[in-house]
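Read through the structure below, which is laid out as structure tokens, and then see the notes.
The values are calculated or read from the model by the stated rules, or taken from the named source; none is laboratory data. This one's a predicted model, so the numbers in the text were calculated from it and none came from an experiment. We place every Cβ from the backbone using ideal geometry, glycine too, and count neighbours over all the protein chains shown.
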Amino acid sequence: ATPSAVMAALAWLARNGVVTKGSIALERLAKVDCIAFDKTGTLTRGEPALGGIVTWGGLDETELLRIAAAAEKRSEHVLARLIVREAEGRMCVVPDIEEFEAHPGCGVTGAIRGSSLGPDYTQESHRVVVGNRRLLESMGIVLPEDFEQRLDEVENLGPTQLLVTIDGQLVGAIGVRDTLRPEARKVLAELRAEGIESFALLTGDRAEPAQMVADALEGIDEIGSELLPTDKARWIEAQTKAGKKVAMIGDGINDAPALASATVGLALGGVGSDVAAEAGDLVLMGDPLTPLPGLLRLSRQLVRVIS
Ligand code: ADP
Ligand code: MG
């Protein structure tokens, strides 16, 4: 390559907050014909707001948030940070969590001392789960019969719901809504104009919020919902087998296997996504979507100069 072309490329990358782990990543990006996006935190801003709250078994809303926050305290997930912030905003003393475990793409589990839960909790320690339906199902937890109906009754519940159980009993659902990144639609159109043939949305969230995002974007060809981290990777591998060159863009621990499986992985940098950043070939430090069309053009120019 001519040194000046390379220097100009490096300057562009620096200006746009793109960190590359080597020129091979750009060479791979130049060949991509399909882009798969993670939803939460990537296409959406990852600054979710609290929606409606439903409780079961007599807890009040603040108490529910306090217990959920205990389980979420040690999670880096954007949903976890929201719950903790809301509980602290209500002046809750958030209990300690023991045996904490994160289940990427699903939720968190742990144990809370009975003494910090309240007089109704007589055991030394109680199991708490905060997560999606899939996580509860995998633990054999059965939802109450009136579950769906009660959720339907809540106005502005929010399309994503975090379910909270204590000792296998549902005690509440916390609704959350996230907003699309305002530039997402335009960026997608530009990428299509650059010749990208297909776009996919891969999420651990349910079909409904995924569909909402896809509808707002106009141009998502395929949606994968309720995907575990390995499901995202498998989706990419299937596309690769079919001859596609896939770029995966994601922000979370749950995207790491997919980022590694892709022709090229683009990870969002910044708080809480160290694992994703490690799995990516390119790391987007600033606004993650805006640089994509320019980055694609740059990669193709560079390949032309080099070869
Ligand atoms: P995406 O794939 O869109 O980025 P995530 O995989 O991060 O979404 O999350 C998928 C779903 O898993 C969430 O919608 C939520 O229901 C559940 N989940 C993930 N992490 C947590 C957490 N820390 N607490 C509660 N629920 C979680
Ligand atoms: Mg995400």
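Quick notes
- Every test in (1) farther than 30 Å from residue 236 by Cα; (2) outside the structural domain of residue 158 (by TED's automatic domain parsing); (3) at pLDDT 90 or above is passed by residue 26 save one, and that test is (1).
- Considering the range 21-48, and only residues there that are away from ligand 2 (no atom under 12 Å from the Cβ) and assigned to a loop (DSSP other than H, G, I, E, B), the residue that is surrounded by the fewest Cβ atoms within 10 Å (Cβ to Cβ) turns out to be 22.
- Looking across the range 247-263, not a single residue is buried (at least 24 other Cβ atoms within 10 Å of the Cβ), of a type outside the set (A, V, I, L, M) and more than 8 Å from the chain's Cα centre (by Cα).
- Members of the range 200-219 that are more than 14 Å from the chain's Cα centre (by Cα), touching a residue at least 24 places away in the same chain (Cβ under 8 Å) and either away from ligand 2 (no atom under 16 Å from the Cβ) or not in a strand (DSSP E or B) (or both): 208, 212, 216, 217, 218, 219
- Any hit, the range 49-65, residues being in a loop (DSSP other than H, G, I, E, B), within 16 Å of ligand 1 (Cβ to nearest atom), not assigned by TED's automatic domain parsing to the domain that holds residue 194 and not aromatic (Phe, Trp, Tyr): no
- Residues that are within 16 Å of ligand 2 (Cβ to nearest atom) and more than 14 Å from residue 175 (Cα to Cα), drawn from the range 82-106: 102, 103, 104, 105, 106
- Residue check for residue 137: at positive phi and charged (D, E, K, R): no
- Residues located in the range 285-307, provided they are at pLDDT below 95 and not in a helix (DSSP H, G or I): 285, 286, 287, 288, 307
- Residue match in the range 142-153 (condition: within 16 Å of ligand 1 (Cβ to nearest atom) and either assigned by TED's automatic domain parsing to the domain that holds residue 212 or within 21 Å of residue 229 (Cα to Cα) (or both)): no
- Residues of the range 74-133 that turn out to be under 17 Å from residue 60 (Cα atoms) and assigned to a strand (DSSP E or B), as a count: 2
- Cross-chain or 6+ apart pairs with Cβ under 9 Å, the range 141-168 first and closer than 22 Å to residue 204 by Cα, then basic (Lys, Arg) and within 16 Å of ligand 2 (Cβ to nearest atom): 156/177; 157/177; 158/177; 159/177; 159/206; 160/177; 160/206; 161/206
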